[in-house]
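As structure tokens, the structure follows; a few thoughts come after it.
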Amino acid sequence: MTHENKHQRHEDEENIENEMVDDYSDIVELGKEMEQISEENDEDKLNKTHDSETRSDLD
């Protein structure tokens, strides 16, 4: 396999891994979605009832 073929194969593998991101705006949008999901998960965790000894934020 030539150096060019190895390079092309590596680029093809990267493109497969990053199929859901086409350009910078997709990255920004994906980041916003991930942040929203994270905030929702944080809210869900805070709203759960836990043993008061476990919850350090209730002191």
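Just so it is clear, none of the values below were taken in a lab; they were calculated from the coordinates. No experiment lies behind these values; they were computed from the predicted model shown. A quick note on method: Cβ atoms are made from the backbone with ideal geometry, for glycine too, and the neighbour counts reach across all protein chains shown.
Observations on the structure shown:
- Rounded FRET efficiency, nearest 0.05, which uses the C-beta distance separating Asp42 from Met20 and R0 of 22 Å: 0.40
- Taking other residues whose beta carbon is less than 15 angstrom from the beta carbon of Glu40, and scoring Lys, Arg as +1 and Asp, Glu as -1, yields -3.
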